[in-house]
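This report concerns only the one structure given below.
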């Protein structure tokens with residue numbers, strides 16, 4: 001049995017509490033608040049204590065899906081990514097870069113957001129990037 | 001954020017969470033802290049224990065109101081009037097910090113002239129808060145050695161949201177309650193990385209680090225760093241993207257980690273726009289209403305399955321570490337974007353998030369001293385301009401504002417976009433419940449949390465319940481000019497007679513079918529916090 005505990009940061013509200021995710025053989029089994037965090041100082045709220053629960057839910061999306069004949073069907077990464085890139089190239093050529101828009105996210109990491117807005121601005125050539133900060 | 005940036009030159013929380021415990025007076029307005037930011041609430045309770053005066057202003061009698069030294073229930077949408085009324089008393093009694101105003105601010109005289117009109121009598125009429133309570137707030141806040149303001153979406157989600165924030169900034173400058181330990185104007189960010197998404201340029205008018213896209217020198221700097229030609233024109237905000245989809249000027253929408261079908265106001269309007277896309281790509285961890293409309297759905301890895309950083313509400317950049325392998329074939333969002341970019345014809349070659357952060361540091365002044373090694377442990381609070389800089393606990397030290405002088409804004413109160421009338425006689429407001437989070441994609445997939453609160457509800461006052469002949473748990477029908485939902489009645493004096501509260505986590509009783517998409521003219525935030533509603537017992 002391989003037990004591990006890994007320091008992480010809460011994906012819920014803006015407090016930014018940190019905790020250790022406990023895993024046994026690659027399965028998430030629990031959450032322990034970090035006692036040394038200056039934010040939460042060893043405490044967590046009801047959502048925080050259960051923050052490991054949704055990660056390995058059977059309802060997670062696990063495969064790329066592409067709409068074919070009106071239905072979303074499982075496809076390979078290659079097929080899905082080629083489809084997106086081709087379609088974006090075509091729309092940019094036909095309608096210009098500002099016909100493409102991006103919603104970045106308050107839920108993904110800084111690195112994820114940086115790469116996304118860089119793709120929008122440097123590759124597509126549009127500043128149409130926003131996220132739901134106001135919502 | 002636009003409001004604070006206009007007043008101070010930076011839109012972020014001015015002080016750190018830790019410092020709240022050391023404040024002498026804390027004025028909490030439009031923040032249901034206990035439910036939405038529990039570990040900030042923990043500091044407020046601790047401050048109270050240390051002898052601080054806690055003042056809560058909220059139309060709903062939230063949990064924090066029960067322990068506050070003073071709780072006032074202002075009328076929905078009357079915040080700017082309340083704040084101006086408090087400023088009126090401070091100036092009339094000579095409690096302002098004239099030295100601070102003279103040394104560090106501009107625009108004071110106009111502001112002073114404007115608040116003349118907010119006499120206690122008029123303020124009471126507009127807000128429903130008594131003159132005695134107004135004096136208490138004014139005196140306790142102005143005279144406190146360290147006074148702090150805490151606010152959240154109750155202030156911002158209005159057509160006058162930016163004005164409300166500017167009004168709070170006025171109050172802090174008027175009393176010099178900023179730029180010192182345990183003071184400041186402190187917006188609590190609703191989502192874990194909303195600060196980071198803004199910092200990283202997830203906004204239509206700025207590159208990373210709030211550097212304007214329409215300033216030629218800045219644009220040249222990024223064009224060089226990224227080896228690409230860049231657009232000099234600010235992009236579209238979300239509501240404009242939706243109108244663009246409707247009028248055909250926008251063809252493709254890439255949505256990463258968001259569910260606009262649930263989170264945006266007037267769901268029917270959003271659905272109509274999304275159905276017009278030539279390409280709708282949704283990248284997320286769970287299926288949701290927006291994904292169901294997509295042409296392509298890409299499975300992202302969750303926070304527990306990747307390395308990276310989040311920036312919390314107090315500007316603290318913290319490391320998350322990969323604890324488990326991504327489920328199925330899911331991938332980190334940066335990897336997905338990189339692969340699309342490579343196929344699109346703009347090569348990217350990051351081997352890890354740490355490498356991405358190294359690039360962020362080279363183009364983002366506030367993050368210039370950040371690297372993954374330095375973030376191990378407690379993380380760092382930006383601005384952190386150099387590799388030996390310890391980070392910054394509070395902004396605008398000594399009244400030296402990021403924009404130079406702090407700017408007073410003379411702002412009159414404006415009524416909400418929709419007010420009650422004969423047909424829609426009740427006020428509707430929306431918000432969060434303690435167990436759930438935002439559109440519920442994560443918490444409603446968490447078995448323990450789902451068990452604690454499996455379904456939506458509508459809070460109504462006992463007076464309303466009696467009028468309708470409804471008892472606890474019976475179904476109510478709520479109707480606004482946008483749509484109709486049904487929800488179980490929760491009968492409670494948390495809401496006043498004439499008011500209804502609906503949490504927005506539940507798709508089957510979706511608050512945003514009802515809400516008003518009227519926007520603040522500057523930052524385009526929708527007026528989620530107030531609209532007019534009709535209430536019936538469900539047939």
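The values are calculated or read from the model by the stated rules, or taken from the named source; none is laboratory data. Quick caveat, the model's predicted, so the values are computed rather than measured. Cβ coordinates were reconstructed from backbone atoms using ideal geometry, including for glycine residues, and neighbour counts include every protein chain displayed.
Below, the figures for the structure above:
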read-out: Hits in the range B:230-245 (condition: touching a helix residue (DSSP H, G or I) at 6+ places or on another chain (Cβ under 9 Å), assigned to a loop (DSSP other than H, G, I, E, B) and within 7 Å of chain A (Cβ to nearest Cβ)); value: B:230, B:231, B:233, B:235, B:236, B:237
read-out: Subset tally (residues that are buried (at least 24 other Cβ atoms within 10 Å of the Cβ), assigned to a helix (DSSP H, G or I) and more than 15 Å from the chain's Cα centre (by Cα)) for the range B:141-170; value: 5
read-out: Criterion violated by residue A:54 - all others in (1) in contact with a helix residue (DSSP H, G or I) (Cβ under 6 Å, 6 or more places away or on another chain); (2) more than 7 Å from chain B (Cβ to nearest Cβ); (3) closer than 28 Å to residue B:328 by Cα satisfied; value: (2)
read-out: Tally, over the range B:77-131, of residues that are surrounded by fewer than 17 Cβ atoms within 10 Å (Cβ to Cβ), assigned to a helix (DSSP H, G or I) and touching a residue at least 12 places away in the same chain (Cβ under 8 Å); value: 5
read-out: All positions within the range A:25-49 that are surrounded by 20 or more Cβ atoms within 10 Å (Cβ to Cβ) and either in a helix (DSSP H, G or I) or outside the structural domain of residue A:15 (by TED's automatic domain parsing) (or both); value: A:47, A:48
read-out: Those residues of the range A:58-89 which are in a loop (DSSP other than H, G, I, E, B) and either out of contact with any helix residue (DSSP H, G or I) (no Cβ under 7 Å at 6 or more places or on another chain) or farther than 18 Å from residue B:292 by Cβ (or both), in sequence order; value: A:58, A:61, A:62, A:63, A:69, A:70, A:75, A:76
read-out: Output for the range B:246-280, where each listed residue is more than 25 Å from residue A:83 (Cβ to Cβ) and within 11 Å of chain A (Cβ to nearest Cβ); value: B:262, B:263, B:264, B:265
read-out: Filtered residues of the range B:4-22 (kept if modelled with pLDDT of 85 or more, surrounded by fewer than 21 Cβ atoms within 10 Å (Cβ to Cβ) and touching a strand residue (DSSP E or B) at 6+ places or on another chain (Cβ under 7 Å)); value: B:6
read-out: Meets criteria (within 30 Å of residue B:40 (Cβ to Cβ) and in the same structural domain as residue B:228 (by TED's automatic domain parsing)) for residue B:341; value: no
read-out: Members of the range B:424-463 found to be free of Cβ contacts under 8 Å to residues at least 12 places away in the same chain and either crowded, with 20+ Cβ neighbours inside 10 Å or outside any loop (DSSP other than H, G, I, E, B) (or both), listed by number; value: B:446, B:447, B:448, B:450, B:451
read-out: Some residue of the range B:41-59 being within 15 Å of residue B:314 (Cβ to Cβ) and either within 17 Å of the chain's Cα centre (by Cα) or part of a strand (DSSP E or B) (or both); value: yes
read-out: Residue ID - modelled with the highest pLDDT, chosen from residues in the range B:492-531 that are touching a strand residue (DSSP E or B) at 6+ places or on another chain (Cβ under 7 Å) and farther than 21 Å from residue B:36 by Cα; value: B:498
read-out: Residue match in the range B:176-184 (condition: assigned by TED's automatic domain parsing to the domain that holds residue B:98, farther than 19 Å from residue B:402 by Cβ and touching a helix residue (DSSP H, G or I) at 6+ places or on another chain (Cβ under 6 Å)); value: yes
read-out: Selection count, the range A:57-78, where residues are under 20 Å from the mean Cα position of the chain (by Cα), surrounded by fewer than 16 Cβ atoms within 10 Å (Cβ to Cβ) and under 30 Å from residue B:450 (Cβ atoms); value: 5
read-out: Some residue of the range A:79-89 being over 19 Å from residue B:346 (Cβ atoms), at the interface with another protein chain (Cβ under 7 Å from one of its Cβ atoms), touching a strand residue (DSSP E or B) at 6+ places or on another chain (Cβ under 6 Å) and surrounded by fewer than 20 Cβ atoms within 10 Å (Cβ to Cβ); value: no
read-out: Looking only at the range A:5-24, and only at residues there that are in a strand (DSSP E or B) and at the interface with chain B (Cβ under 7 Å from one of its Cβ atoms), the one that is nearest to residue A:110 (Cα to Cα); value: A:9
read-out: Residues being within 7 Å of chain B (Cβ to nearest Cβ) and part of a helix (DSSP H, G or I) - total across the range A:90-135; value: 20
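Conditions tested, residue by residue: (1) modelled with pLDDT under 90; (2) farther than 30 Å from residue B:465 by Cβ; (3) in contact with a strand residue (DSSP E or B) (Cβ under 9 Å, 6 or more places away or on another chain).
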| residue | (1), (2), (3) |
| --- | --- |
| B:375 | no, yes, yes |
| B:385 | no, yes, no |
| B:405 | no, yes, yes |
| B:425 | no, no, yes |
